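Enquirer: Structure in structure tokens, see below.
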Amino acid sequence: MMLNEITKAAGANKRRKRVGRGESSGHGKTCTRGHKGCQSRSGGGVRPLTEGGQMPIFRRLPKRGFSNAPFRQSWKIVNLSDLERFFADGETADVAALQRLGLVQGVKPMVKILGNGTLGKKLTVEAHAFSRRAREEVEKAGGTVKLIESRTPAEKAKAKRNTAKSRAAASSPKPVEKVVPEQPATTPEEQAREKPEEA
């Protein structure tokens, strides 16, 4: 068999359905859409999970509890064995270096160093979190541990909520204080003059 004799399997190339090309094509007139109804109209169709007037499944099922997914803190794990393998003595193992070596992926990853393996090199390790054993092993080898300060998703959401509250309070109109004019002080002679005489 030659390269020019290799063909695709039967049915691999399927002709597209051409509609509206006459009655004899079998796909003319209504173009396989049938007569009337929302399915035949342009832009028609029904939304997913439609059950034709019956109470849909997502409304029949009860909703209880809550999901902590928006505030979940996910870590990119790097072990001491990885630092021992990919870094030379005296180098700095920061997030950019870990991304360059392919040890962590993603945009703005949160890196945590764990103590799996051994470390015999003097490294400067920068990460967002360290396990107790990992910190001890890095310092025992003569290296330096630098903790990158960062906020958790829950803390970011709380700060955003408080910022919105303070912005709303600043934009709301302040109540206007009613200014009462001060009465001029009267002398004893004026007070005696204003006092009605007793009959």
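Enquirer: As an exercise: evaluate R47 against (1) surrounded by 11 or more Cβ atoms within 10 Å (Cβ to Cβ); (2) under 44 Å from the mean Cα position of the chain (by Cα); (3) on the phi < 0 side of the Ramachandran plot and give the number of the one condition it does not meet.
Expert: Just one mismatch for R47, condition (1).
Enquirer: Further question: Counting just the residues of region 142-165 that are assigned to a helix (DSSP H, G or I) and either touching a His at 6+ places or on another chain (Cβ under 8 Å) or touching a residue at least 40 places away in the same chain (Cβ under 8 Å) (or both), which one comes out farthest from L123 (Cα to Cα)?
Expert: Of everything passing the filter in region 142-165, A157 is farthest from L123 (Cα to Cα).
Enquirer: Okay, next question. If T50 passes every condition in (1) touching a Ser or Thr at 6+ places or on another chain (Cβ under 6 Å); (2) modelled with pLDDT under 95 but one, which one does it miss?
Expert: Looking at each condition in turn, T50 falls short on (1).
Enquirer: Scan region 97-133 for residues that are among the hydrophobic types (A, V, I, L, M, F, W, C) and either under 20 Å from Q73 (Cα atoms) or assigned to a strand (DSSP E or B) (or both) and jot them down.
Expert: L98, L103, V104, V107, M110, V111, I113, L114, V125, A127, A129, F130
Enquirer: Of the conditions (1) outside any helix (DSSP H, G or I); (2) among the hydrophobic types (A, V, I, L, M, F, W, C); (3) under 30 Å from R132 (Cβ atoms), L83 clears all except one; give me its number.
Expert: Here L83 meets the rest and fails (1).
Each row is one residue, and each column tells you yes or no for (1) free of Cβ contacts under 8 Å to residues at least 24 places away in the same chain; (2) more than 30 Å from E137 (Cβ to Cβ); (3) not basic (K, R).
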{"residue": "M55", "(1), (2), (3)": "yes, yes, yes"}
{"residue": "N68", "(1), (2), (3)": "yes, yes, yes"}
{"residue": "S81", "(1), (2), (3)": "no, no, yes"}
{"residue": "A88", "(1), (2), (3)": "no, no, yes"}
{"residue": "K122", "(1), (2), (3)": "no, no, no"}
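Enquirer: Looking for something farther than 30 Å from G37 by Cβ and surrounded by fewer than 13 Cβ atoms within 10 Å (Cβ to Cβ) - is there at least one such residue anywhere in region 52-63?
Expert: Scanning region 52-63 turns up at least one residue that is farther than 30 Å from G37 by Cβ and surrounded by fewer than 13 Cβ atoms within 10 Å (Cβ to Cβ).
Enquirer: Looking at I77 and the list (1) hydrophobic (A, V, I, L, M, F, W, C); (2) under 27 Å from the mean Cα position of the chain (by Cα); (3) at pLDDT 90 or above; (4) part of a loop (DSSP other than H, G, I, E, B), which single condition is not satisfied?
Expert: Single failed check for I77: (4).
The values are calculated or read from the model by the stated rules, or taken from the named source; none is laboratory data. In this text the structure is predicted, and so the values were computed from the model without any measurement. Virtual Cβ from ideal backbone geometry, glycine too; neighbours counted across all protein chains shown.
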